[in-house]
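Heads up, the thing below is written out as structure tokens.
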Amino acid sequence: MRTCVGAIAKADKAFDLIQNGDKIAVGVSGGKDSMILLKALGIYKKIAHHEKKIDFEVVGIHLKMNLCFIDYDPIISYWEKYGVEFKIVDTIMGEILRRQMKANKIQCSLCSKLKKAILIEEAKKMGCNKVAMGHHGDDAIETFFMNLINEGRIATFKPKMYLDRSDIWFIRPLILAREKAIAKAAKTEQMPVVPCGCPMEGFTQRDAMKDFLHQNFYKNKKWAISYKNFLHALINGKECDLWFVDDNTQLIDIVEKTKKDYLKK
């Protein structure tokens, strides 16, 4: 757990994620990442108060997708034991997702949009100005490669972003944490987890990318430093040397300049 709390402290320092007076709603799926995030933020809250004189509140919100029966008693009891405010919200997401299935598959993008919208709504009801998600460094790297391969974009999600339409911040405090450190903490803490109930779990493009990176890089001694360098590349702005950045670090829209050439093909 100390490693995860330390990662949050580093991310807060690097990306200025948390300010005095914040009320943060953690989106708790019931998996290890979000469960650890809620507990680690509670610990970091005490550290921030003592060392930085910053006070903020943390609450947990779980959205019931209603795709299958799930016993929530273990996680409800867990947070009651530690005195953490934890809310479970009933939704009709399962009904909507089933109606919108394509080729007998749940649409991941639709699911993500629904969860995000409902989570923001519930967070604002609780007086929160920020929503925290459990995405970690492995997720950021996987997203980078998925965007590169599937969409031809060099991009990943941001550590924090302001949603002006909703007037709320999205933050990812575990962005500098490794998934294996989170898994170890969850095991050490004997933290209960519940499945999301999604039939696509384990069969998504993200799962395939995760397996690819682990088998070809992270578990390969020849590329032992790959994870560190992948993550470093996402924050190493001074050494970004791509075709669309000129000598004055100005962005150039080469796609627009060569659009006619693309259209010929």
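The number of residues in the range 1-50 being touching a strand residue (DSSP E or B) at 6+ places or on another chain (Cβ under 8 Å), open to solvent by 30 Å² or more (accessible area, probe 1.4 Å) and farther than 17 Å from HIS136 by Cα comes to 2. One residue stands out in the range 102-129 among those that are in a helix (DSSP H, G or I) and among the small types (Gly, Ala, Ser): the one that is nearest to ILE18 (Cα to Cα), namely ALA123.
Residues are listed down the side, and each one gets a yes or a no for (1) basic (Lys, Arg); (2) more than 17 Å from ALA186 (Cβ to Cβ):
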{"residue": "LEU38", "(1), (2)": "no, no"}
{"residue": "ILE43", "(1), (2)": "no, no"}
{"residue": "LYS46", "(1), (2)": "yes, yes"}
{"residue": "LYS53", "(1), (2)": "yes, yes"}
{"residue": "GLU57", "(1), (2)": "no, yes"}
{"residue": "MET65", "(1), (2)": "no, yes"}
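Yes/no per residue for (1) among the hydrophobic types (A, V, I, L, M, F, W, C); (2) over 15 Å from GLY137 (Cα atoms); (3) modelled with pLDDT under 95; (4) open to solvent by 80 Å² or more (accessible area, probe 1.4 Å):
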residue: GLY202; (1), (2), (3), (4): no, yes, yes, no
residue: GLN205; (1), (2), (3), (4): no, yes, yes, yes
residue: PHE230; (1), (2), (3), (4): yes, no, no, no
residue: LEU234; (1), (2), (3), (4): yes, no, yes, no
residue: ASP241; (1), (2), (3), (4): no, yes, yes, yes
residue: THR249; (1), (2), (3), (4): no, yes, yes, yes
residue: ASP253; (1), (2), (3), (4): no, yes, yes, yes
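Of everything in the range 86-135 that is of a type in the set (A, V, I, L, M) and under 25 Å from ALA185 (Cβ atoms), the residue that is surrounded by the most Cβ atoms within 10 Å (Cβ to Cβ) is ALA132. Does ALA208 meet the test of being under 26 Å from LYS13 (Cα atoms) and in a helix (DSSP H, G or I)? No.
Checking ILE149, ILE154 one by one, the residue that is in a loop (DSSP other than H, G, I, E, B), over 25 Å from ILE36 (Cα atoms), open to solvent by 70 Å² or more (accessible area, probe 1.4 Å) and among the β-branched types (Val, Ile, Thr) is ILE154 and no other. Which ones in the range 185-204 are at negative phi and without any contact (Cβ under 8 Å) to a residue 60 or more places away in the chain? Within the range 185-204, LYS187, GLU201, PHE203 meet the criteria.
Pairing each residue of the range 59-70 that is without any contact (Cβ under 8 Å) to a residue 40 or more places away in the chain and closer than 10 Å to SER29 by Cα with any residue that is open to solvent by 10 Å² or more (accessible area, probe 1.4 Å) and of a type in the set (S, T, N, Q), provided the two are 6+ apart or on different chains, yields C-beta distances under 8 Å for HIS62/SER29; LYS64/THR91.
The values are calculated or read from the model by the stated rules, or taken from the named source; none is laboratory data. Just so it is clear, the structure is predicted and the values come from calculations on it, not from any experiment. Note that each Cβ is placed from the backbone with ideal geometry, even for glycine, and that neighbours are counted across all protein chains shown. These accessible areas exclude ligands, DNA and RNA; they are computed on the full protein's heavy atoms, side chains included. Shrake-Rupley method; radii C 1.70, N 1.55, O 1.52, S 1.80 Å.
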